[in-house]
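The structure appears right after this line, and notes come after that.
What follows is calculated from the coordinates using simple rules that are stated; it is not laboratory data. This structure is a prediction, so every number in the text was calculated from the model and none was measured. All Cβ positions, even for glycine, are placed from backbone atoms using ideal geometry, and neighbour counts span all protein chains on display.
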Amino acid sequence: VEKTLYKHTAGITALAVHPSGKLAFTAAKDKKLITWNLVKARPAFITNIKGIADILVVSPDGSRYCVGLHRRIDIYNLETAGIEYTIDLKCRPNGLVFLGGNQIVAVAGESGKVQVHSLIEKALIKDFEAHETRVRCISTLPEEDEENSSGKEDRGHILVTASSSDHMIKLWRVHTDSASEVKCIGKVDTSCRVTCLTTWDPSMKGAIKKKRKKVAETDKQQ
């Protein structure tokens, strides 16, 4: 153990790390949200929140962090440490993901619907029925987008949802405009209660190989 960070007075319920690796965010049953300076191993900000947070998510560029508590999700601006947008889910939030950048989010909770919100317009773009009961997990699946790179039609984003109640994992093709329809492009019955889910991108394997190759070349030079 290199460092132990201690400041909360009750159990920690959510944790997220900033893309820079220099900051972390924790929320606990003491109803405090702490921004940690990981370089100095001490709190940078302590914010009192009106509830116990269930989820913490940081945007890909690190400019925003999202706090899910009770029946809503508050989206904070990192520079001001203030709330810039609130999503009222009317149910307990179970997950949030950013779609293709830092301006669009998809959120899910104890209802069967998934909502897509614009952080620029600060409004709901669309929602759709993903499962019969609740959406327990939500994630995105990166894919190589050859059409976009050649300037052709936008292919949208692949959203992965899972439910612990109907045992299903589903893949959805989602566009971030308000007019297009969300399409289910794949599904599987797991025959079990899904409680967590993550996705893996084949490009991660390529990055590891590239790093190993660079290390091998350095060893040869030495």
- Task: Show me 103-114, 120-131, 3-14 ranked by packing, highest mean number of other Cβ atoms within 10 Å first.
- Result: 103-114, 120-131, 3-14
- Simple spin-label estimate for Cys184 and Glu110 in nanometres, 7 Å along Cα-Cβ: 2.4 nm
- Task: Extending each Cα 7 Å along its Cβ direction at Glu132 and Arg92, get the distance between those two points in nm, one decimal.
- Result: 2.1 nm
- Query: Once the piece of chain linking Tyr6 and Leu171 is laid out straight, how much longer is it, given 0.36 nm per residue of separation minus the C-alpha distance between them?
  - Reply: 55.4 nm
- Query: In bins 10 Å wide, starting from 0, what share of all Cα pairs of segment 52-123 does each bin hold, as a percent?
  - Reply: 21, 60, 18, 0
- Message: Between Leu15 and Thr80, what is the label-point separation in nm under the 7 Å Cα-to-beta-carbon projection?
- Response: 3.1 nm
- Message: As a quick test, which of the pairs Lys29/Lys113; Lys3/Lys31; Lys3/Lys187 have an alpha carbon distance above 31 angstrom in this structure?
- Response: Lys3/Lys187
- For the Ala123, Cys196 Cβ pair and Förster radius 30 Å, calculated FRET efficiency rounded to 0.05 is 0.50
- Message: Under 5 Å between amide hydrogens, which residues at least 5 positions from Arg136 or on another chain qualify, with H placed 1.01 Å from N in the peptide plane?
- Response: Ala162, Ser163, Ser164
- Karplus-derived 3J(HN,Hα) from phi for segment 30-43 (6.51 cos²θ - 1.76 cosθ + 1.60, θ = phi - 60°), whole Hz, x at Gly and Pro, runs 7, 6, 10, 10, 10, 9, 9, 8, 6, 5, 9, 6, 8, x
- Query: If we sort 56-69, 183-196, 35-48, 165-178 on the protection proxy, mean other Cβ atoms within 10 Å, highest first, what's the order?
  - Reply: 56-69, 165-178, 35-48, 183-196
